[in-house]
1. Whether any residue in region 279-302 is among the acidic types (D, E), assigned to a loop (DSSP other than H, G, I, E, B) and modelled with pLDDT of 80 or more is what I want to check.
2. When you check G406 against the structure, is it at pLDDT below 85, assigned to a helix (DSSP H, G or I) and either more than 24 Å from G349 (Cα to Cα) or assigned by TED's automatic domain parsing to the domain that holds F348 (or both), yes or no?
3. Can L174 be described as without any contact (Cβ under 8 Å) to a residue 60 or more places away in the chain and part of a helix (DSSP H, G or I)?
4. With respect to G330, determine if the residue is on the phi > 0 side of the Ramachandran plot and in the same structural domain as T370 (by TED's automatic domain parsing).
5. Within region 564-583, is even one residue assigned to a loop (DSSP other than H, G, I, E, B) and under 30 Å from I243 (Cα atoms)?
6. What is the residue count in region 188-224 for residues that are modelled with pLDDT of 60 or more and either under 17 Å from I389 (Cα atoms) or of a type in the set (A, V, I, L, M) (or both)?
7. Scan region 46-66 residue by residue and report those that are modelled with pLDDT of 80 or more and crowded, with 22+ Cβ neighbours inside 10 Å.
Amino acid sequence: MSTTTKQPHQQELLGHPVGLFILFFTEMWERFSYYGMRGILVLYMATSATAIDPGLGWSSKDAIWLYGWYTMLVYVASIPGGWIADKFLGQKKTVMLGGVLLCLGHGVLAIPQSWAFFTGLLLIVLGVGGLKPNISTMVGGLYKEGDIRRDSGFTIFYIGINIGAFIASITVGLVAYYYGWHYGFGLAGIGMLLGQAVFIWGQKFLKGVGEFTGGSQATEAERIASKRPLSKIEKDRVVVLLISFLIVVVFWGAFEQAGGLMNLYTDAKVDRYIGLSWLEEIPAAVFQSLNAGYIIIFGTAIGSFWIWWKKKGKESSSLFKMAIGTIIMGLGYVFMMFASQEASAETFGKAAMFWIFLAYLFHTIGELCTSPVSLSFITKLAPLKYASIMMGVYFAATGFGNKLAGAIGESSQLESYTGEMVVNKQDVLPYISKETFKIKNENNKVVEITEYPINEDKNFSIKSKVYPENGEVVFKDFETGKNLNPLFMLSQDEDSNTKELLATLIENNVSEADPYHAKLVFEKDKDKAQILENKGDGNDYGVSFVLEEEQSEQEYSTFMWLTIFTVAFGLLLLLFLKKLKKLTHGAEDNEHEMLEAEKFELANPDLNE
């Protein structure tokens, strides 16, 4: 068949249907918007509300808590999104609706108001729920059953996801760093608008894919299929899919520390200084681009490796790839253990950047062996009438993995000890230094000044030695040895955990000769900071801190258990691999290279007219 006689939806590009690349660019820009926003979300929430570009002023623990819930709900919404597609609108129309909601969500998020922040997150949750499961199902609908190109097609699609994530992590992170958080959120929204435009333009290349299969539009064969109960083979395959979703929960529970724990760890404990004239320090959010960058570099190679491996007659089932991917991803946390050891080797120390590069490399290789394969696996095993719902359940499992990641990240952050400053501004000045930072002048322009932070209602910190003495906790300046106790008073209310501080120090045999350490963070009450006439009065400052040694130990333990659990889980899956493969009833046994005539027949031939 010559190219000139092919219908638009039958045309190929680089050996795949052109429709794949329409979905590729649509998803690329949708993921640009999602990962761009995600890369700065936790940092925005954890940034002081009194900064020049104020955040929400939440604690790291609370920021990770919301991050976990948000990323879970984003994917759990895929279940109703898949149900709506299967029962009412079809995949194509549901993707269109999801895209509209996403454009609105990101647009609202760019408004610097509290109501806009939570409204924007809600709209994004609904939008991703409509778009994410259905666009992935449409990719599977481009290929006929048994087409060996399906896995590599999903890998190409996955590369598109990560091109968007890579560009977003750098551009949105830098825009937020230089121009403000809400400009970053706004740039993410522009990306979503581009994705929606691509999807609308490319409809002619998606004919017969993702159409509505219910109601009056359904063919007779589809109506019969929708009413027929599942066969024994189909039931067994659904069981395998549900088991594979458990793998998904475990994988993403470990992997998704990237946006939470690893993001905060990179911000606080990784030496990001590069000393360029225009950029002295790499913003922590930019490191979120590593995963996506590695996928762009290695995605095709790893996809090709598995095709070559299968042609050699080696074990290459989807379950095998997912097990291997989980193990490799888990091993990436070994490098975070090394980073934690290096950072804690000296007081208030930091780890080298290359540990982060290595950790993300292993996480990415593991992801490439697991995630695109999982998407393809669902389109192979899911019954036609439940195709979108099963894809929705997959993304819901991803969501539960994200919530698990949030819970793990939250547990890695110790509860801060708190108190309040009890001296006036003049008593604090001998303990702090002038800093150069940006403020807005009377003309609302950003200018650089060198001043004591307390004079501008900014946060400041004092590094301290901490040890028990005569039944009291003593704080002394880390550099000068000056007594810091007169500066603040620890909270004594019933909800305070500061009563445990003395017991912890005594239990760990801490002494003046062998002290613990803490970075005492002084922050002005965010409501009082809004009263301009009180600017620089030095009043209403609270203090919070964690013990550096305990926090480092907690982070190291988290990285260690992530390694142990994921590797053990992957090995356990390999142990039961043969039994699980039997339940697929050979769904992957007859994959082959399609003949020219076969390539142009879409997965649902009744819709090709």
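The values are calculated or read from the model by the stated rules, or taken from the named source; none is laboratory data. This is a predicted model, so every value here is computed, not measured. We place every Cβ from the backbone using ideal geometry, glycine too, and count neighbours over all the protein chains shown.
1. The answer is no; no qualifying residue exists.
2. Here the answer is yes, as G406 does meet what is asked.
3. no
4. Judged against the criteria, G330 is not a match.
5. Yes: region 564-583 contains one or more residues that are assigned to a loop (DSSP other than H, G, I, E, B) and under 30 Å from I243 (Cα atoms).
6. 14
7. Matches in region 46-66: A63 only.
A quick yes/no check of all residues on (1) over 19 Å from the mean Cα position of the chain (by Cα); (2) of a type outside the set (A, V, I, L, M); (3) in the same structural domain as A529 (by TED's automatic domain parsing):
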{"residue": "L41", "(1), (2), (3)": "no, no, no"}
{"residue": "G57", "(1), (2), (3)": "yes, yes, no"}
{"residue": "K61", "(1), (2), (3)": "no, yes, no"}
{"residue": "T71", "(1), (2), (3)": "no, yes, no"}
{"residue": "G82", "(1), (2), (3)": "yes, yes, no"}
{"residue": "L89", "(1), (2), (3)": "yes, no, no"}
{"residue": "V95", "(1), (2), (3)": "yes, no, no"}
{"residue": "L102", "(1), (2), (3)": "no, no, no"}
